[in-house]
1. Along each of its three principal axes, how wide is the spread of alpha-carbon positions in segment 10-148, in whole angstrom units, largest first?
2. Pick from V41, V282, V152: which is most flexible by mean-square fluctuation in a GNM of the chain where alpha carbon atoms under 10 Å apart are linked?
3. Over the Cα atoms of segment 103-207, what Rg and Dmax result, in angstrom?
4. Working from the alpha-carbon coordinates of the chain, get Rg over Rh, Rh being the Kirkwood radius.
5. Quick one: if the Förster radius is 51 Å, what FRET efficiency do E58 and D207 give, using the C-beta to C-beta distance and rounding to 0.05?
6. For I86 and V288 in the same chain, what is the full-extension length gain: residue separation times 0.36 nm, less their Cα-Cα distance, in nm?
7. Counting each pair of different Cα atoms once, what's the Kirkwood radius of segment 203-316 in Å, rounded to one decimal?
8. Under the Karplus relation 6.51 cos²θ - 1.76 cosθ + 1.60, θ = phi - 60°, what is the ordered set of whole-Hz ³J(HN,Hα) values for segment 64-79, x standing for Gly and Pro?
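The values are calculated or read from the model by the stated rules, or taken from the named source; none is laboratory data. Predicted, not measured: the structure shown is a model, and the values here were computed from it. Cβ placement follows ideal geometry from the backbone for every residue including glycine, while neighbour counts extend to all protein chains displayed. Please note that ligands, DNA and RNA were not included when accessible areas were found on the heavy atoms of the full protein model with its side chains. Shrake-Rupley method; radii C 1.70, N 1.55, O 1.52, S 1.80 Å.
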Amino acid sequence: MTRTKHDRPKLAMIGAGQIGGNLAMLAAQRQLGDVVLFDVVEGMPKGKALDIEHMSPELGFDSRIIGTSSYDDVAGADVVIVTAGIPRKPGMSRDDLLDTNVKIMKDVATHLKSSCPDAFIIVISNPLDAMVYTMFRITGRPKSHVVGMAGVLDSSRFSYFVAEKLGVSVRDVRAFVLGGHGDDMVPVVQYCSVGGIPLTQLMSQADIDAIVARTRNAGGEVVALLKTGSAFYSPASSAISMAETYLRDQKRVLPAAALCEGEYDIKGLFVGVPVIIGAGGVEKVLTVELNAADRKALHASADHVRELVGEVDKRL
Ligand code: TXD
């Protein structure tokens, strides 16, 4: 049988900057499908696509990578991952990006609405929870098919710091972070475990508090060191895990910014909560019991997201 390019899923990366380039490379390496790398900057996505294709003989992947500045090439994508926008500079908060990035997100979402009517859309751009809301409002895609990536990364950072402190394999640490993707995110210590053992049995409260604080500031720590942008390797790998569980129907349980409609007493907002992602997209928001402190922190974080969404609404 002749193989056509339609045999493979199509992933479109909107924004071919630091994260976008790494998304394309990881998607190809993991053979998730063919990749379209889109950016408004002409030439650059083509250059990156070619560079990644030149890796294929060495790494042995068959994915095709196309660089483009035309939405015609993006049309019909199965998965779209959006990083379009500007990143933080030292001293900036994620919220400082809202004004610029909401305009960019409106532009991207308007194009995706007509060109990718069936896509599973993963938003990465900051301020994350407000940007995924913008995407949802403009595309009108069902809530199962618009999701924001932040929790996987924040949880990954939390897990890494725990593993590093205890001197154990990262593979045995389970941790998750809920709430908005801001400094008020909620690392849930209660459910963090190492090889099935609750973290609280392995580490002092002072060490746990230090890790929680470092997790909240981990993005800022990287920004301060890079000076010219924000983290990109780990955000890319986190979003690729989300794309993979969708395309391969893995039904992984991951924290992600999903539309809450009463879960955790949060209504009408995209906030980081544990979800199941499979072939149906965000198939379920899991509601878990939280202790009083985490519940309060989650609501404080959601209040912050609500304020940002108010700012978005004024601009839509
Ligand atoms: O956990 C998370 N969600 C995040 C989010 C972790 C780290 C960084 N996060 C945010 O991702 C960051 O604050 C930014 O808002 C985005 C993208 O970060 P990246 O580091 O990839 O930024 P770059 O390198 O500046 O790339 C952005 C690209 C750049 O090439 C622009 O030309 C392009 O976006 N851009 C556009 N593409 C398509 N369409 C439009 N309109 C457009 N405007 C700019």
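1. So the three principal-axis extents are 42, 36, 24 Å.
2. V41
3. Values for segment 103-207 (Cα only, Rg and Dmax): 17.6, 53 Å.
4. Details: Rg = 18.9 Å, Rh = 19.7 Å.
My calculation of the ratio gives 0.96.
5. Working: r = 42 Å, r/R0 = 0.83.
That gives a FRET efficiency of 0.75.
6. Details: separation 202, 0.36 × 202 = 72.72 nm, distance 3.44 nm.
Length gained between I86 and V288: 69.3 nm.
7. Working: mean 1/r = 0.0609 Å⁻¹.
16.4 Å is the Kirkwood radius here.
8. Going residue by residue, I get 8, 10, 10, x, 7, 10, 10, 5, 4, 6, 7, 3, x, 4, 7, 10 Hz, with x marking Gly and Pro.
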